[in-house]
1. Any chance you could count how many residues in the stretch 88-107 are within 20 Å of His143 (Cβ to Cβ) and either exposed (fewer than 12 other Cβ atoms within 10 Å of the Cβ) or among the basic types (Lys, Arg) (or both)?
2. From the list Arg20, Arg4, which one is out of contact with any strand residue (DSSP E or B) (no Cβ under 8 Å at 6 or more places or on another chain), open to solvent by 70 Å² or more (accessible area, probe 1.4 Å) and within 15 Å of Tyr133 (Cβ to Cβ)?
3. Please verify whether the stretch 69-84 includes one or more residues that are assigned to a strand (DSSP E or B) and within 17 Å of the chain's Cα centre (by Cα).
4. Can you report the number of residues in the stretch 140-167 which are in a helix (DSSP H, G or I), open to solvent by 50 Å² or more (accessible area, probe 1.4 Å) and either of a type in the set (Gly, Ala, Ser) or at pLDDT below 95 (or both)?
5. Of all residues being aliphatic (A, V, I, L, M) and assigned to a loop (DSSP other than H, G, I, E, B) in the stretch 168-205, which is least open to solvent (accessible area, probe 1.4 Å)? Just the residue, please.
6. Go through the stretch 33-56 and count every residue that is open to solvent by less than 10 Å² (accessible area, probe 1.4 Å), of a type outside the set (Gly, Ala, Ser) and in a helix (DSSP H, G or I).
7. For the subset of the stretch 60-87 comprising residues that are touching a residue at least 60 places away in the same chain (Cβ under 8 Å) and open to solvent by 50 Å² or more (accessible area, probe 1.4 Å), which member is nearest to Gln179 (Cα to Cα)?
Amino acid sequence: MNRRNYRRELDRIIEKNNGRKPTVLLHSCCGPCSSSVLEYLTEYFDVTVLWYNPNLYPKEEFDRRYEAQMQIIERMGLKDTVKIIFAEHRSGEYYEAVRGFEDEIEGGSRCERCFRLRLGETARIAKERGFEYFCSTLTVSRHKNAVLINAVGEDCAKEFEVPWLPSEFKKRGGEERSQQLAQEHHIYQQLYCGCEFSYKKRLEA
């Protein structure tokens with residue numbers, strides 16, 4: 001079976017829009033990852049960023065990454081184009097979602113539950129506020145499973161009845177471009193995924 005080409009699927013959606021810019025709620029995991037995604041999506045969509053990352057540890061890291069998110073939007077000249085919805089650091093929601101999966105390997109079932117938490121909330125808000133699509137910056141990283149993320153997104157789309165925008169933003173040089181933009185704009189680039197468990201793994205390395 002051939003693997004789905006999510007980037008081509010996104011191309012077809014853009015083509016069907018015939019120049020119209022539908023609204024999309026973009027879940028962002030961090031400023032650097034969002035940079036190339038925003039550069040691309042704002043050409044074809046009316047983008048609102050959702051900052052909902054209860055997985056981030058510690059709270060100081062949550063604050064630092066949110067600051068980086070705001071900086072990249074401003075320094076890329078998107079302040080008047082991209083809106084943002086901010087969700088407080090509700091870490092209890094993350095720990096409840098991954099309860100019993102704390103010892104899972106990085107990229108395993110714990111991460112899938114984290115994706116479901118964040119994309120589920122994105123879909124809920126997208127439905128509540130009337131967005132035409134929702135998606136996530138998560139697929140820009142080579143460390144993240146784009147097939148799994150798209151599958152989770154599609155599950156959330158069915159649950160909340162709002163279309164998921166398929167993506168694999170790492171393709172066509174997307175990941176490299178995000179790193180380049182972060183460096184050009186002097187944006188903080190983190191050294192671990194974000195949760196307490198990846199933080200501790202980083203310390204052990």
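1. 3
2. Among Arg20, Arg4, only Arg20 is out of contact with any strand residue (DSSP E or B) (no Cβ under 8 Å at 6 or more places or on another chain), open to solvent by 70 Å² or more (accessible area, probe 1.4 Å) and within 15 Å of Tyr133 (Cβ to Cβ).
3. Scanning the stretch 69-84 turns up at least one residue that is assigned to a strand (DSSP E or B) and within 17 Å of the chain's Cα centre (by Cα).
4. Of the residues in the stretch 140-167, 0 are in a helix (DSSP H, G or I), open to solvent by 50 Å² or more (accessible area, probe 1.4 Å) and either of a type in the set (Gly, Ala, Ser) or at pLDDT below 95 (or both).
5. Filtering the stretch 168-205 down to residues aliphatic (A, V, I, L, M) leaves 181-182, 187, 191, 203, 205.
Now narrow it down to the ones that are assigned to a loop (DSSP other than H, G, I, E, B): 187, 191, 205.
Numbers: Ile187: 11, Leu191: 122, Ala205: 110 Å².
The residue in question is Ile187.
6. Qualifying residue count, the stretch 33-56: 3.
7. Of the residues in the stretch 60-87, the ones touching a residue at least 60 places away in the same chain (Cβ under 8 Å) are 61, 64-65, 67-68, 71-72, 75-76, 85.
Then keep just the ones that are open to solvent by 50 Å² or more (accessible area, probe 1.4 Å); that gives 64, 67, 75.
Values: Arg64: 17, Glu67: 17, Arg75: 15 Å.
This residue is Arg75.
Conditions (1) over 13 Å from Leu25 (Cα atoms); (2) within 13 Å of the chain's Cα centre (by Cα); (3) in contact (Cβ under 8 Å) with a residue 12 or more places away in the chain, marked per residue:
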site: Glu106; (1), (2), (3): yes, no, yes
site: Glu128; (1), (2), (3): no, no, no
site: Cys135; (1), (2), (3): no, yes, yes
site: Leu138; (1), (2), (3): yes, yes, yes
site: Val147; (1), (2), (3): yes, no, yes
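The values are calculated or read from the model by the stated rules, or taken from the named source; none is laboratory data. Everything quoted here is computed from the prediction, not taken from an experiment. Note: ideal-geometry Cβ built from the backbone for every residue, glycine included; neighbour counts use all protein chains shown. For accessibility, only protein heavy atoms count, side chains too; no ligands or nucleic acids. Shrake-Rupley method; radii C 1.70, N 1.55, O 1.52, S 1.80 Å.
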